[in-house]
Amino acid sequence: MINPNEWLRTRKNLLDEVKSQVQVRLGPMAPALKRYAKNLDVDFNRVWKPCSEKELTTALNKARIVLGADFHAYAQSQRAHVRILRDVVHRPRVILALECLAHNKEDVAAEFLAGKISETRFLEACDWEKNWGFPWEHYRPLFELARDRGFEVKGLNLPKQGSLAARDTWTARKLSGLAKASPDSLIYVVIGEWHVAAKHLPLKLRAQFKDQIAVLFQDVEKLYFQLAQKKREGNVDYMKSAGQRFCLMVSPPWMKWQSYLMYLEHAYDQDLQEELAIDYTDHVASLIELLEADLKTVVHNKARIQVYCPSSKTSLSRLKVSLPKRFAKALRYHLEHDLSFYLPEREWLYLSRATINHASALAGQFVHASFSDRRRTLWDLPQDFLPLIWIEAVGFFFSKWINPKRKAETLESIRLQLSARSPKDEGRRALLLSLDHRLSEVVYVQTGRLRARRYKPRELDAYLEASRIVGSMLGERLFQKVRSRTISLRQLMSYLKVNVEDKHFAKFYWDLIRQIENPRAPK
C-alpha cells in the first residue's frame, strides 16, 4: 500500500483540517467549557491495550451502570451502542438512559414504545428539534431495540440546566435513583463523550458503585493513531484501561468529525433560501484531494465537480435534463432508493446521504472516471452490467480506503433491505442475479472457463441492485489485497486506468477476478 508514515500524515492532516473547520463554525470555546473538555484527554494518557470481546462482555454483564460515550452527529456512534446492547449485553432487565430524551418526556416515550402513538406524534410531543436537534434517524434504532427487547427508557436531557458539571451532578442522582429502584437491572447510559471522562460523571458515581461502573468510549483519536503506528488500526475492535474503561474502535476518528461538520453546515443552512442551500462539493473535493495525496497523482478536473443532494429542490429537474430519456427509470430508482451516483457527462455527483461512506465512494468513482477517461453513465443494462459492477467495486474500495472499518454487507442483510424496497418479489431477482454472477466468477477462478449467465431478468432494478451487491463484495476483496500488499499500488493504478468502455473490458474484468481470488493464476 502507501508509505505508512505518509498515510499517517495525510490522515492526521485531514483530521486537523476538519476539526479546525468545526471550530470555525462553533466559534471560540468558553474557558469553562475548554477546561471541562480537557479532562477527557487525561483519560488517554494512561496505558490502553487491545482486549477481546469476551473481556468486554464480562465487564458489561457484571456492571450496575454502563456509561456509553455518544458522538451525537455521527450515526455509527449510536449504531455501535445498538450492537453492544443487542450482541454483547446479556441481562434480563435493561434500563436505557438517553441524553437525547428530555427527562420530562419519559411518559411520551413509553407511549411510543407501546405503539399507542405514532413516531410523528412522539417527535412532536418531545419537541425533538428544539430539545435535542441531532438527527432522529440516528437514534431511532436505539428506540426500536428498546421496543423489541422490552427495555425501559429514561431521559437524561435537561434543556434548561446550566453548566455541564451541574448536569453531571443531576444525572448521577438520577442514575443512582434508577439503580436503587431496580437493583436487578443494568442501567445503560448513552450520553455525550465529555460527560464520561473519569473526573466527571464516573467520579460522581464511583463513590457509591465502586467497580460496578463500566465506561465505553468510542473512536478516540490518540488510541487510533497509536494502533496505526503499529499497523493494527484495522484489526483491533476493543481497547481497555484500568478502572473498567473500554474504547470501541468503530471507525477512524476523522469520520465522526466530518459527520459533525456536515451536520453543522446543514443546521446552519437549513433555513436559507434554496439557491443558498448547503453544498457538499467542498466535502467531496477534500476527499478527492486526500486520494490524490495517497495515490501520488493529480486529478485535473476536480474543480469542475458539482454535488447535488436531496435537500436541493432543483436537483431532480437538473439531473433529468442532463441524461438521455432512456435513463429516466434508472435515475428515478436511484433517487427513490437513497442511492448516490456520479454522472460523468456533466461531472455532477448526487449525494443521497450526507455520510462519509457515501461521499468517499463518490470521490473514488470520480477519481476513477478521471483516470479511465469514462465519459458516460453506465445505465445501459444489461450490456453495462460488468462495467457497472466494477464502478460500484471502485466506489466501495475507496470508501474503505477512507474508512477501513467499513464492511461489505452480508447477503442476508441485503436480502432484508431488498425485501423492504421490493416487497412484491422481496428482492429475489437481484439476489438471484448476484448469486448467478458470483457462481460465474467462482467457475472462472477455478477453471478459467467463462460460464454463460443462466439467470437473465428483464427488470432494470435487478441489474442496478445486483451490480451494487457484487460490486461491494469485489471492492472488499480488492481492498484486502491492496492492504496486504498482494496487489501493489502500481498494479492498482493500472486497474483504475482501464477504460470501462473499451471492447476488451470484459477480458480485464475476468482476469482481475482471477488475480484477486487466485493470486497464483497467470495474468
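Miscellaneous remarks
- Packing, taken as the mean count of other beta carbons within 10 Å per residue, orders the peptides 57-63, 205-211, 460-466, 166-172 from highest to lowest as 460-466, 166-172, 57-63, 205-211.
- Beta bridge orientation in the chain: antiparallel %, DSSP, nearest 5: 25
- Residues whose amide H lies under 5 Å from that of L101, counting only those 5 or more places away or on a different chain, are L156, N157; hydrogens are built 1.01 Å from N in the peptide plane.
- Taking a ≥ b ≥ c as the square roots of the eigenvalues of the alpha-carbon gyration tensor, the range 90-199 is classed oblate because a/c is 1.5 or more while a/b is no larger than b/c.
- Cα gyration tensor category, rounded, prolate or oblate, for the range 1-108 with a/c compared to 1.5: oblate
- For H300 and D211, the difference between the fully extended length at 0.36 nm per residue and the C-alpha to C-alpha distance is 26.3 nm.
- Global geometry of the chain, whether rounded, prolate or oblate, following the gyration tensor of its Cα atoms and the 1.5 cut on a/c: prolate
- Hydrophobic long helices, here whole DSSP H runs in the chain with Kyte-Doolittle means of at least -1.0 and Cα atoms spread over 20 Å or more along the helix axis, are found at 4-26, 164-181, 253-269, 281-295, 356-372, 385-402, 428-447, 460-483.
- Distance from the Cα centroid of the range 191-226 to that of the range 45-61 is 13 Å (rounded to whole angstrom).
- Ordering of 286-294, 349-357 by burial proxy (mean other Cβ atoms within 10 Å per residue, highest first): 349-357, 286-294
- Förster radius 25 Å - calculated FRET efficiency between E119 and D237, Cβ distance, rounded to 0.05: 0.20
- Less than 5 angstrom separates the built amide H of F341 from those of Y350, S352, all sequence-distant by 5 or more or on a different chain.
- Charge sum, other residues only, whose C-beta stays under 10 Å from V220's C-beta, Lys/Arg counted +1 and Asp/Glu -1: -4
- Nonlocal amide H pairs with E233, under 5 Å, H built at 1.01 Å: A228
Any read-out appearing in this document is the output of simple, stated calculations on the displayed coordinates, not a laboratory observation. From a predicted model like this one, the values you see are computed outputs, not experimental measurements. Cβ coordinates were reconstructed from backbone atoms using ideal geometry, including for glycine residues, and neighbour counts include every protein chain displayed.
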